[in-house]
Structure formats: structure tokens, C-alpha cells
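Input: a single structure, listed below in C-alpha cells.
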Protein chains: 2
Amino acid sequence: MQDFVFHQPVKVIFGRRALAALTAELNPWSDGPVLLVHGCRSSKASGLYQQLCTILTDGGLRFVEHGSVQPNPLLNHVHRGIDTARNNACSAVLAVGGGSVIDSAKAIAAGACVDHDIWKCFTGKKSIRRSLPLICIPTIAGSGSDMNGGMVLTHDGKQRKFGFAHRLLLPRVSLVDPSLTFSVLPQQTAWGAVDIIAHCLEIYLTGAIDEAPLQRNFLEGICRTTMAACRRLQTEPHSYDDRATMLWAASLALSGITTAGVGRIAMELHLLEHALSVRQDIAHGAGLAALLPGWLRFRGPIVHRRLATFGRAVWGLEENNDDKAAAMTIEEFEVFFSAIGCSCSLASWGINEDRLPELIAHCREQARIWRLSEMTDEVVNGAYRCCFSNASS
Amino acid sequence: MQDFVFHQPVKVIFGRRALAALTAELNPWSDGPVLLVHGCRSSKASGLYQQLCTILTDGGLRFVEHGSVQPNPLLNHVHRGIDTARNNACSAVLAVGGGSVIDSAKAIAAGACVDHDIWKCFTGKKSIRRSLPLICIPTIAGSGSDMNGGMVLTHDGKQRKFGFAHRLLLPRVSLVDPSLTFSVLPQQTAWGAVDIIAHCLEIYLTGAIDEAPLQRNFLEGICRTTMAACRRLQTEPHSYDDRATMLWAASLALSGITTAGVGRIAMELHLLEHALSVRQDIAHGAGLAALLPGWLRFRGPIVHRRLATFGRAVWGLEENNDDKAAAMTIEEFEVFFSAIGCSCSLASWGINEDRLPELIAHCREQARIWRLSEMTDEVVNGAYRCCFSNASS
């Protein structure tokens, strides 16, 4: 097992009455108004927005709004949020939405406390020293952003979608009510599951899990239960326990509990995917699903033993030959993705090899910032080609 | 899934260089001297004691000592520790040892801050409002006390061994170096594994895990990997990864990660065991092993489906009939305990049915304090009788 520091101080209040704790949890940071960051449409449609306004008003908490955060959130919009936070001397940020909203809220919370453009953090040129306290109310299971210090943002001008992580971006509190995700569409639910599984697989295949069997077991358990829950939710969207399992699985997948002790990990699939969804024409989870089998086939020769172990643990494969079991594992992923309506074909999203130079250039920059020296142009090119040929098979 | 609050702020510094962080981590609480709580013999024999004295002295940190903590630690000795902490105006407590040392350190850290006898917490008559900051250096895997807010203490005068838990008893920092446990004897290693497994099983069999498959998977994973590591350590005590796995498994088993979402749990086996080891004639882990199969047979009719699920997940049992699979699971436990040299016979420890009235009286008090109303005299009596008859089989 590799040396590690595990320090996960996020307070998670989880369950049917989670929102009842909002006033008490916001109170310590209510010197100024709270900045309510949301995506508008879904939270307004579900009545959640109105409910929150009532809770805040009844609790005597002032708030200003920064709404209309879109999927694959944009730096420009974050800049406006930072202005709003500063102009109103906000003392805390409340994020209500999915990963895009929470990541935007993180960028605003940190951006309001720095002199430089927050984008400089994403390009590795600057870091942060403090951040406004952040409280999250996730409304979709996937990114796990409510329990980690990571955020992903798109620079609309430069057409770059990069990620940045820092301990100061950890939310103080997350209020997680699974019933808030009842209205998440089957398709979005599936994309969320793919995101959870991608996080786990990237750790599983690039971390030192051979010497960390406990962490390996946890990762397998998260994938196993996420897949089962997601399958049921395709036809039973109001299954509380399955919604709860997906939310908690999403949070734990990147909370540190799965990575503690596995050393350096490389978020290779996310690197490849961000280059796709930077163009806003594909959802993050959809992009991951379209790339995942190809990525596994490309990585297969190196990680076939781990893929075989994964397949045996998660799908009960009884094949003893590692190469065969690894191939079967990839097929099982395709079967699962098909069952939850996720295409494994880039072509089906109108993405073809013409974009390769642009994709490779995007990965090159992120790989440099993330210090993934193994992700050379050649490797990235090979991975994408596997994905494209997978698509056409 | 049941509603829950998960808030686990313990900072765990884990690995071969963990002790190097001691000075920096103690510094914020170095107004007064630190109280060094230890068990003497093993830490002195291993050189750890000298190493710590050097680190503290070189770091300019004053310390006073409270040594000679014994297994199944005693209230009297804790009282002396509280006096030492008060007389020296200690500003922090550093626990170096196993669960007994860490639990004693918790009782001292809390006891130094209350006007009443700390024992009143164990009898449910008082609670605590603050506690001296605690830093732990565990030297044996088992109790997981380095990452939870529980402690167990024996009142030597009253012959009572009770447990108490409070958030304020959570350590601030735990420095976990697996190589410090290389010298733990095979027998003690085995008892530690039994403690970890007992914690998991009590959650598994009394919590609402049917609606919490993720938590169920985690519990199975902890047991699976703990058993594998413990088996190897019987002959390879210097296997770093296995020592690391056992320590991290022990910490996580009761860290909150396995209990979040499973609702009320009942530490029934610990209730039964504490009544045994209160007499100091049996180690805690040995007592758990001697009771566990009998307890499972007693609980069997109610929890046979869960035992079957456990056996299939952990030992790959292929029996479809739940009753049969549950019986096989109990047998697998006995095989495992035998393999690691743990007796499942109370008689082998010189404990026989003559002690039943005394055991039942002990359980009655703890059950009342822990509010385990289901643990009536009749139930407790039935459970012990199963254990005694198991012993003679």
C-alpha cells in the first residue's frame, strides 16, 4: 500500500429531511448574503427552487442569485458569478444542482478570493489560498463534486475544458436528499452512472491497487451497486434506495476513500473525454460511455489482469484466462451501457476522426498541466483510434 | 437507505514515514506539555518509545508520561492519568499503543475536562462537552479506535466493562505506520482480525443493510481482505501490505463509512464479550472468537438470509438454500478461526455456565445504558447457552 494522507472533513447530511438542516448549516457564514448558484430550469420545474427560497427567507438568510449554469459550465458565466459574489459581499456559496452547478460554485467561491483570473488555476499557473465556504445540494448523482475538491470548467474563448483540484474547494456541508433526484431522466441517470464507473475504473486501472485489496474491493463494490441501481432506475425512477445508493456511491467514488493508499492515479478517460465535450455537443457522461470500451481495449494489453479481476468480481466471470476474461469484461461494459441506453459509438454523436488533431492538442495541454507525462501524443492518438474503431465495429 | 449524518474529520497520515509528521501535528496544541499514554512493554521493546522521546525532544515539545496501560484497561489507572494531565496542565494527549491505550487516552482526554468522574459517562449518567485534543499512533490493528469516537473501560471495583462514544472523542490526527505492527504476535494479530470482523458482522446482521447494498459491499470487502491478510500474517508477520490492509480495514470498519445509512445497529457480540473479559482472564478478541459462532447460531433463524448472502459474497458459497448457506457460513468462520489459532470454545478459556448469572447481570446493565431493549435477560441467556453448547460440540 502506498503512503497517504486521508482527511475528508465534508459534513454530509443525507436523507429525506436533509434540507431541514440548511438554515442551521448556513448560519455560521451568514455575515453577508449567500450566493445561490443554480441551473434554473430543473430546480424551478421541480419546485426545489421555490422551496429553497422559502427556507432561506424564513431562516432570515439574505441571498443573491447566480442562475442559468449550463451543462459543461463556462468560464464566462463563472466570471459573472464572481462579480455578483464580490459586488454583494457574499459570505458563502450555496450550490443547488448537478456537477456543473457545483463546479461553477467552487470556481466562484475560490475566484471571489483571488486577485487573478480563476482560470489560471486550471492552467496550472496559480493556486488558491482561501475560498468562500461552500454548501452543496446535489440534484443528480454522478460527479461526486459534493464530496471532493475538484472542479471542471470550460474556457469558451479558448475552447479548453480543464480540471483543477484543491483541498480548499471541499464543501463544508452537503445536504443530500435522494428524492430530489426522482425527476432525473433515465438518460441523465445513466450518464451519471457512467461518470461514477469511469472514476472508479480510472483508479482501478492506473492506481497501485494490487497492493491495496481493500481499496480494490471498495471500487468493485461501488461499481457493482451503481450498475444495479442504475438499471432499476431506468424503469423505476422513484426507487428511493436506488437513488440513495447512486448518490452515495458517486460521493464516495472520488471522496478519497477509494484513492487513499493507491498512490498516483491518472484520470486518463476524463482527459480524453474533456477534449470531446469542450465543444458542448455531447454530455460528459455520454462522452465517457462512447470512449470507455475503446479506452479499455487500448489499455487492455497492459491492464488485462486487472480487467479480468474486475470482471470476475463484478460480473462473476468464471474465465480463468486473463486475456479472455479481460475481453469479456469489456463486452460486459458494452452490454451494460446498451441496457441503460448509452451509445458506445462516437459516430452516433457525429464525432469522427477529422477531429483527431484538435482532440490531441487539447489532451496535450491538460496532460502537461496534470503532469501525465505518459499521455504522449502517440498514446492519446492510439487511444482515440481505438475508440473510433470501436465505434464503427 | 436510512437517513444519516456522515462527518469524519480525523486526519489520517498513513505509511512508512507517518511519524515524521508528529511534531508538526502536535505543535498547534503545545501550549502545555503533551501527555504520552502508552503500555510500556511492547513500545519499549520495539524501540518505538525511545524513537518518540527523541522526536518530541528534538521538536522542542514537552511531555509527561502515563505508561503501563494494560489490556482491558482499568478505570483506576485512567484516574491516575487524569490527575497527571491536570497536575501538569497538559494541552494534548498522545496515545501510542493498541485499542486499550487509545481508549485510556480518550478517557483521560475527556476526563481531564469534566468535573465529574469520567465513569459516569459509561453508565449513561453524564456526557462531555469538551476534551483535550488527541493524537494516536496505533501499534496493533483491531479496535479501530484511532478513527472513531468510542472507548471501552473496565471499572475494577465494580467489575463492569462498559463502552461510551462521543464525537468529541474522535482523534484529531492518527499517525499510522504499518511497520510498527510487524512485531505483533500471530495470536494478537488474529485477535485483532476477529475484532474487525465482529464490528462488521454486528453492523451486517443488525443494521438495515438490505436497503444499503453499497454499505453491505463495503462490509464484505473489509471482512474478505482482513481475513486474507490475517492468514498470511500468521506466517509472514513482516508483510507490509497485509499489515497496512489490516490497519486500514480496522480503522474504516468503525469509522462511520460502514454504518452511514444502515440506521440503528446493535453491538450485541461486544455486549456479550465485555461481560467475559471484564474479569481480565481473556483477551477481547479471544472472547469474541469464542462467542461468535454461538452468537451466529443463536441469531441464525432471524438472520439466516444475511448470513447466506455474506457467505456467498465472502467465501463464494454456491448453496442456494439460505438456511444451508447460513449454516455453511458459520462453519466457514470456525474454519477461519481455527486456521488463525482462535478457539471457539469458552471451556478452553476455563469459562463455563456457572458464570451465567454474572454474565447476564453484566449484559443487563450495559443493554440498559446502550438502550438495547431487545437484549432481554432471556435473549442474552439464550445467546450464551448457544455459545456454551457450541464450545462443547
*Do we have any residue at all in region B:367-385 that's without any contact (Cβ under 8 Å) to a residue 40 or more places away in the chain, more than 22 Å from B:I197 (Cα to Cα), touching a Lys or Arg at 6+ places or on another chain (Cβ under 8 Å) and not small (G, A, S)?*
yes
*Answer yes or no as to whether A:A367 is assigned to a helix (DSSP H, G or I), in contact with a Ser or Thr (Cβ under 9 Å, 6 or more places away or on another chain), at pLDDT 95 or above and in the same structural domain as A:L269 (by TED's automatic domain parsing).*
yes
*Considering only region B:336-358, how many residues are surrounded by fewer than 21 Cβ atoms within 10 Å (Cβ to Cβ) and assigned to a helix (DSSP H, G or I)?*
11
*May I ask you to list the residues in region A:93-124 that are more than 18 Å from A:W29 (Cβ to Cβ), outside any helix (DSSP H, G or I), in contact with a helix residue (DSSP H, G or I) (Cβ under 9 Å, 6 or more places away or on another chain) and of a type outside the set (V, I, T)?*
A:G97, A:G98, A:D117, A:G124
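Would it be correct to say that A:A290 is more than 25 Å from A:Q215 (Cα to Cα) and either within 14 Å of chain B (Cβ to nearest Cβ) or over 15 Å from the mean Cα position of the chain (by Cα) (or both)?
Answer is yes for this residue.
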*Could you check region A:6-77 for helices (runs of 4 or more DSSP H) lying wholly inside it with 3 or more residues that are over 20 Å from the mean Cα position of the chain (by Cα) and free of Cβ contacts under 8 Å to residues at least 12 places away in the same chain?*
A:48-58
*Among the residues of region A:251-290, which ones are within 27 Å of B:A244 (Cβ to Cβ) and part of a helix (DSSP H, G or I)?*
A:S251, A:L252, A:A253, A:E268
*Taking the stated definitions as given, is B:L296 assigned by TED's automatic domain parsing to the domain that holds B:E211, in a loop (DSSP other than H, G, I, E, B) and in contact (Cβ under 8 Å) with a residue 12 or more places away in the chain?*
no
*Name the one entry in A:A105, A:A45 that is at negative phi and crowded, with 18+ Cβ neighbours inside 10 Å.*
A:A105
*asked:* I'd like to check something: does region B:157-166 contain any residue that is closer than 30 Å to B:A20 by Cα, surrounded by fewer than 24 Cβ atoms within 10 Å (Cβ to Cβ) and of a type in the set (A, V, I, L, M, F, W, C)?
replied: yes
*Scan region B:229-245 for residues that are hydrophobic (A, V, I, L, M, F, W, C) and either facing chain A (nearest Cβ under 7 Å) or more than 16 Å from B:G341 (Cβ to Cβ) (or both) and jot them down.*
B:A244
*Restricting attention to region A:129-170, report how many residues are within 25 Å of A:E365 (Cβ to Cβ), out of contact with any Cys (no Cβ under 7 Å at 6 or more places or on another chain) and hydroxyl-bearing (S, T, Y).*
3
*asked:* When the residues of region B:299-335 are narrowed to those that are in a helix (DSSP H, G or I) and among the small types (G, A, S), which ends up nearest to B:Q215 (Cα to Cα)?
replied: B:A313
*Which of the residues that make up region A:139-165 are more than 10 Å from the chain's Cα centre (by Cα) and over 16 Å from A:E358 (Cβ atoms)?*
A:T139, A:I140, A:M147, A:G149, A:L153, A:G163, A:F164, A:A165
*Do you know which residues across region A:229-244 are assigned to a helix (DSSP H, G or I) and either buried (at least 24 other Cβ atoms within 10 Å of the Cβ) or not aromatic (F, W, Y) (or both)?*
A:A229, A:C230, A:R231, A:R232, A:L233, A:Q234, A:T235, A:D241, A:D242, A:R243, A:A244
*Which listed residue is in the same structural domain as A:Q51 (by TED's automatic domain parsing), touching a helix residue (DSSP H, G or I) at 6+ places or on another chain (Cβ under 6 Å) and under 16 Å from A:H284 (Cβ atoms), from A:G144, A:G163*: A:G144
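So, in region A:193-213, exactly how many residues are facing chain B (nearest Cβ under 8 Å) and either surrounded by fewer than 24 Cβ atoms within 10 Å (Cβ to Cβ) or acidic (D, E) (or both)? Walk me through it before giving the result.
Of all residues in region A:193-213, those facing chain B (nearest Cβ under 8 Å) come to A:211-213.
Going one step further and asking which of them are either surrounded by fewer than 24 Cβ atoms within 10 Å (Cβ to Cβ) or acidic (D, E) (or both), we end up with A:211, A:213.
Looking only at that region, the number is 2.
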*Test: residue in region B:171-191 that is touching a Phe, Trp or Tyr at 6+ places or on another chain (Cβ under 9 Å), under 27 Å from B:R364 (Cβ atoms) and of a type in the set (A, V, I, L, M, F, W, C)*: no
*State yes or no: is B:R305 over 29 Å from B:S46 (Cβ atoms) and basic (K, R)?*
yes
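Of A:R224, A:R264, A:R243, A:R232, which residue is closer than 17 Å to A:M1 by Cα and not assigned by TED's automatic domain parsing to the domain that holds A:R167?
Answer to the selection: A:R264.
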*Can B:A21 be described as more than 12 Å from chain A (Cβ to nearest Cβ), of a type in the set (G, A, S) and more than 20 Å from B:T84 (Cβ to Cβ)?*
no
_In region A:55-79, the residues that are modelled with pLDDT under 95 and hydroxyl-bearing (S, T, Y)_ = A:S68
*Condition test on A:N217, is it assigned by TED's automatic domain parsing to the domain that holds A:G287 and among the polar types (S, T, N, Q)?*
yes
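The values are calculated or read from the model by the stated rules, or taken from the named source; none is laboratory data. What you see is a predicted model, and the numbers here were worked out from it, not measured in a lab. All Cβ positions, even for glycine, are placed from backbone atoms using ideal geometry, and neighbour counts span all protein chains on display.
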